[in-house]
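Everything on this sheet refers to the single structure shown next.
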Amino acid sequence: MRRAAEAVCAAALALAAAVATAPQASAAHQAEAAQNYRVDVVNHSGFGLDEVDLAVARFSDPVIRLQNQRHVVSGAIASFDLGSCSDVRKFAASAFIGNREVLHTGDIDPSPNCHTEIEITHT
């Protein structure tokens, strides 16, 4: 009888622990989903950039979307809001002076902290 009572108590404790941690895990997931992903392209090149482009692939959208900022002076930051952190699949950045591409990152996987900084140090 004692073993049966111990088993019932252990099962009740396990169930209580699962119920107690479930809302926390759910809240953490909801916070990540609500947070937006940010990419900062920092221009340390000593030259003004005519254009900085960011291509974004999302889980919810089969189309690659392009964002851009023009006239990013030396020392400035081009910031991009990619939307929901959990929705960003991959992204890539490019920068141009005139028609010359001075930065091309290739595909970048998103960081778990929902932020990536890309520095341009020379052209």
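The values are calculated or read from the model by the stated rules, or taken from the named source; none is laboratory data. What you are looking at is a predicted structure, and each value in this text was computed from that prediction instead of being measured. Virtual Cβ from ideal backbone geometry, glycine too; neighbours counted across all protein chains shown. Only protein heavy atoms, including side chains, enter the accessible area calculation; ligands, DNA and RNA are left aside. Shrake-Rupley method; radii C 1.70, N 1.55, O 1.52, S 1.80 Å.
Data for the structure
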{"quantity": "Other-chain or far-sequence residues with amide H under 5 Å of K90's (modelled H)", "calculated": "A57"}
{"quantity": "Heavy-atom SASA rank of E119, E51 (probe 1.4 Å, accessible area, largest first)", "calculated": "E119, E51"}
{"quantity": "Residue-count net charge about V56 - beta-carbon cut-off 14 Å; Lys, Arg +1, Asp, Glu -1", "calculated": "-1"}
{"quantity": "Ranked order, T116, T105, T121 - accessible area, probe 1.4 Å, largest first", "calculated": "T121, T105, T116"}
{"quantity": "Environment charge of V73, counting only residues whose C-beta is closer than 13 Å and scoring Lys/Arg +1, Asp/Glu -1", "calculated": "-1"}
{"quantity": "Sequence-distant residues sharing a close amide H with Q35 (under 5 Å, placed H)", "calculated": "C85"}
{"quantity": "Karplus 3J(HN,Hα) series, Hz, for region 36-41 with 6.51 cos²θ - 1.76 cosθ + 1.60 (x for Gly, Pro)", "calculated": "8, 8, 10, 10, 10, 9"}
